[in-house]
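Colleague: Pasting a structure here, questions to come.
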Amino acid sequence: MSQPASSPTVPPPDTTPPPLGQYVLAESPIYPYTQFNSGAFLRTTQDIFGPDVWGLSRDLAVRNGLVWAYAQTFNSGSQPGGFLEYIHEFWSVDGALAFDEGATRNACLYGGSVFEIPGVAGATGQRFRNGGQYALRATFVRGKRRYTVMLTTPTLMPALEIAPAARFAAAAAR
């Protein structure tokens, strides 16, 4: 795989944010996590990543040319956990693919498993535990954007619980 050219990861301050929010789901397809919690355009790796979170790291993002991202979350109001969706946009298709591969590999350090997502070409599903929560995550790349849908709960779930959400996200992806 070719390595993307090194590029700045912080767009100029006068750059108009892209309409990434139009590519996320308007509603959560995962019950009971249907209450919209927040949606936010994120401009820098500092906004996007704290310490290494489920295989995602600032270093990985910077190395692969992350430009910006959009994050959206839903919760239930009465149960722990939630449904999250992210779009990460990179300077190049190679950067998006390399980030997806690196983040998937890094998440395996949490002792999880990898599985296919039926109906979404090129999607990777992962199930892993981090702290007191379990997570199901599905990722796929479309052009220069990496899409992620994730379900977090305090209990272990069947792997394919995330598949319907991945199919909905793939239909909205551009």
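Colleague: Based on the Cβ-Cβ distance from E116 to A26, what FRET efficiency comes out when R0 is 25 Å, to the nearest 0.05?
Modeller: Once rounded, the FRET efficiency stands at 0.40.
Colleague: Tabulate in residue order the Karplus-calculated ³J(HN,Hα) for the stretch 109-122, using 6.51 cos²θ - 1.76 cosθ + 1.60 with θ = phi - 60°, rounded to whole Hz; enter x for Gly and Pro.
Modeller: Couplings: 5, 7, x, x, 10, 10, 8, 7, 10, x, x, 10, 4, x Hz.
Colleague: Related question: From largest accessible area down, sort F83, F115; use a 1.4 Å probe on the protein chains.
Modeller: F115, F83
Colleague: Now for a separate question. Send over the per residue convex hull volume for the stretch 102-174, Cα only, as a whole number of Å³.
Modeller: 80
Colleague: What translational diffusion coefficient, to the nearest whole µm²/s, does the stretch 68-107 have by Stokes-Einstein, given a Kirkwood radius computed over alpha-carbon pairs, a temperature of 4 °C and 1.567 mPa s viscosity?
Modeller: It diffuses with D of about 108 µm²/s by this estimate.
The values are calculated or read from the model by the stated rules, or taken from the named source; none is laboratory data. Not measured: the values here are computed from a predicted model. Please note: Cβ atoms are built from the backbone with ideal geometry, for glycine as well, and neighbour counts cover all protein chains shown. Surface accessibility is based on the protein's heavy atoms, side chains included, excluding ligands, DNA and RNA. Shrake-Rupley method; radii C 1.70, N 1.55, O 1.52, S 1.80 Å.
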